[in-house]
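Working notes for the structure below.
The values are calculated or read from the model by the stated rules, or taken from the named source; none is laboratory data. Quick caveat: nothing in here was measured; it's all calculated off a predicted structure. Methodologically, a virtual Cβ is constructed for each residue, glycine included, from the backbone with ideal geometry; neighbour enumeration extends over all protein chains shown.
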Amino acid sequence: MRIGGRKAMTLLAGRPMVAHVANLLEPAVAGLAVAGSAEAASALGVPNLDDPPDVARGAEWIVTAPCDTPLLPAGFATRILEEEKDADAAFA
């Protein structure tokens with residue numbers, strides 16, 4: 001089944017899917033932002049990134065996750081950042 005439309009704001013357990021993903025990432029990162037959904041960014045109170053070419057400028061690492069992965073394992077971002085700290089890139 002395809003969700004379509006406002007996927008980030010689709011409710012799961014009474015909260016938008018993007019909020020579930022943000023809660024999973026937040027403990028491991030210095031800051032959060034949403035790419036491509038001003039509505040989702042506003043709901044979380046974080047910046048909305050319109051796919052800027054220099055989004056990674058000055059960052060040691062960037063962790064990304066799609067808004068439709070609200071059931072990522074707890075500690076997902078922390079584990080990748082710790083286990084792959086010497087790698088050029090890491091993904092799951």
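Okay, here's what the table says:
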item	result
Condition met for A65 (touching a Cys at 6+ places or on another chain (Cβ under 6 Å) and surrounded by 10 or more Cβ atoms within 10 Å (Cβ to Cβ))	no
Qualifying residues in region 1-26 (those that are part of a loop (DSSP other than H, G, I, E, B) and basic (K, R)) - the one modelled with the highest pLDDT	R6
Cross-chain or 6+ apart pairs with Cβ under 8 Å, region 32-58 first and farther than 16 Å from L11 by Cα, then acidic (D, E) and exposed (fewer than 12 other Cβ atoms within 10 Å of the Cβ)	A35/D50; A35/D51; G36/D50; G36/D51
Filter pass, P47 being surrounded by fewer than 16 Cβ atoms within 10 Å (Cβ to Cβ) and within 13 Å of the chain's Cα centre (by Cα)	yes
Criterion: crowded, with 16+ Cβ neighbours inside 10 Å, closer than 25 Å to L81 by Cβ and modelled with pLDDT under 95 - qualifying residue of V55, V29	V29
